[in-house]
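Here is the structure we will look at, set down as structure tokens.
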Amino acid sequence: MKFLLSLLVIAASAADKILVLYDNPRVKISHGDTLAPLAELGNELVFKQADDASLELTRYGVNLYKGLIVLAPSVDEFGGKINSATITEFVDNGGNVFIAAGKTVGDEIRQTAAEIGVELDEAGTQVIDHGRVNAIEDSGDHTAFTVEPNQFIPAEIITGKISEAMTFEGIGMKLDAANKLVFPIAWAAPTAYSWYPNEPISEYPMALGKNIVLVAGLQARNNARVVIAGSLKMFKTSETAKNILLWAMKCRGVLRESNVKHNLVGETKSPEFYTIMEDAHYELTVEELVKGQWEPFQGNYMFLDFHRLDPFVRTRLQNKKGVFSVDFKLPDVYGVFQFRTNYKRLGYTEIANHVQVSVRPLRHNQYERFISNAYPYYFSAFSMMAGVVLMSFVVLYHSDEKKKTE
């Protein structure tokens, strides 16, 4: 009992705590504006050195933090009990991770990125763009360049509304095509390439142009999120950087469902079973986390499947102030069915709700007394009965007159 209580205490204390790891204490000042919205939404930011010997992410299989932010691109080994394996376990338990790389990238960050399907270019390489150089930030090797709004994924729930360019200086990335969950958030311009600065190109680079990923994101099947950025400088001060960090820490694009109901039309209580061809009603409430408050979800195009091996009915749910509902007729097929609502949209947490019900055939006294399609059979039956009666009458009462003989 005490062990269970300790697990509950750990889980409750981790609900709003975010661990921020750094290798340079000045990061707390240089990136303070980007981290500030997290604190404003009620999250407790715990700052620690990346090589702190007391570091740990999980205890007894329970996450100690809601999220992990790594602003230590050059660290080779994390302190304490943190490594690529524990970070992966942290994500498997539902934790969220944001990692910012830079000109130099440590082995642990490379390994962690590889675990989610992101390949960082070789040590010493940087993304170079001669066509979009930021003359103020660049040191002469054209590794500091601007990233325009059209180089970001068209999903405002992740990036917000982008109104200005951002400066990138760091390493390029490439995504594993076999991992369908990882996606690019920002990519390079067609004029960019990844290579060693101030060295001639002697072989084909890892990637060119738009194939170079600058910021990568992943939303796991358990709705945990991971964002890996190739540049720490890119996340200094901008609204886009703040929004991406908020999304990574699951402060944006979070949905939850509640009040799932199903019943016959005109009733309020869910029946023990349904009968074929009845009119059913289904509804659920969906809310979105907006600036720390739960509000009715304003999205559309949520569908309901009435499913038995395959969907027998697929219909769109109508949204009325966050309450999604629909009335529909059950199919003329009996068996074990499920009400299924699967909502998957880029940038939002997934809604997957399954409710199992039984559908029975009509009882013997529920069928129609006279079916119109059977009228020919009714006629043939009654005509045969009439024929039998007529034939019986003829046989019984008809007799041939015999000629009288002398």
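The numbers here are math on the coordinates, done by the rules we state, and not lab data. These numbers come from a predicted model, not from an experiment. No Cβ is skipped: glycine too gets one built from the backbone with ideal geometry, and neighbour counts run over all protein chains shown.
Is there a pair in 17/321; 261/320; 103/344 whose C-alpha atoms are over 27 Å apart, and which pairs would that be?
Exceeds cut-off: 17/321; 103/344.
For the Cα atoms of the chain, what angle does the longest principal axis make with the long axis of helix 375-397, in degrees from 0 to 90, nearest 10?
Taking Cα atoms only, the helix is inclined about 10 degrees.
If I take R0 = 35 Å and measure r between the Cβ atoms of residue 388 and residue 362 in this structure, what FRET efficiency does the formula 1/(1 + (r/R0)^6) give, to the nearest 0.05?
0.60
Among 167-177, 196-206, 96-106, what's the highest-first ranking by average C-beta atoms within 10 angstrom per residue?
96-106, 167-177, 196-206
Within 10 Å of each residue's Cβ, count the other Cβ atoms and sort 377, 397, 274 from fewest upward.
In order of increasing Cβ crowding within 10 Å: 397, 377, 274.
Classify region 126-242 as rounded, prolate or oblate from the Cα gyration tensor: take a ≥ b ≥ c as the square roots of its eigenvalues, call it rounded if a/c is under 1.5, otherwise prolate when a/b beats b/c and oblate if not.
oblate
Taking a ≥ b ≥ c as the square roots of the eigenvalues of the Cα gyration tensor of the chain, is the shape rounded (a/c under 1.5), prolate (a/b larger than b/c) or oblate?
Prolate.
Based on the mean of other beta carbon atoms within 10 Å per residue, what is the order of 121-127, 210-216, most packed first?
Per-residue mean Cβ counts within 10 Å order the peptides as 210-216, 121-127.
Put a dot 7 Å past each Cα toward the Cβ at residue 148 and residue 320; how far apart are the dots in nm?
4.7 nm
What order, most packed first, do the peptides 245-257, 282-294 have when packing is the mean number of other Cβ atoms within 10 Å of each residue?
245-257, 282-294
So, R0 is 30 Å and r is the distance between the beta-carbons of residue 353 and residue 47; what FRET efficiency does that work out to, to 0.05?
For residue 353 and residue 47, the calculated efficiency is 0.20.
In deg cm²/dmol and to the nearest 500, what is the mean residue ellipticity at 222 nm of the chain if only DSSP H runs of at least 4 residues count, each as -39500 (n - 2.57), divided by the residue total?
Taken over the chain, the calculation gives -6000 deg cm²/dmol.
Once the other residues with Cβ under 12 Å from the Cβ of residue 245 are scored (Lys, Arg +1; Asp, Glu -1), what is the net sum?
Once all neighbours under 12 Å are counted, the net charge is +3.
Just how large is the dipole of the chain about the Cα centre, in debye to the nearest 20, putting +1 at every Lys and Arg Cβ and -1 at every Asp and Glu Cβ?
1640 debye
Sequence-distant or interchain residues sharing an amide H contact under 5 Å with residue 20, placed H: which?
46, 47, 48, 69
List, in the order given, every pair from 66/233; 81/161; 81/180 whose Cα-Cα distance in the structure shown is over 28 Å.
Checking Cα-Cα distances, 81/161; 81/180 exceed 28 Å.
Could you work out how far helix 239-248 tilts from the main Cα principal axis of the chain, as a 0 to 90 degree angle to the nearest 10?
With both axes taken from Cα atoms, the answer is about 60 degrees.
Normalise the Cα radius of gyration of region 255-360 by 2.2 N^0.38 Å (N = residues in it) and let me know the number.
So region 255-360 has a normalised radius of gyration of 1.10.
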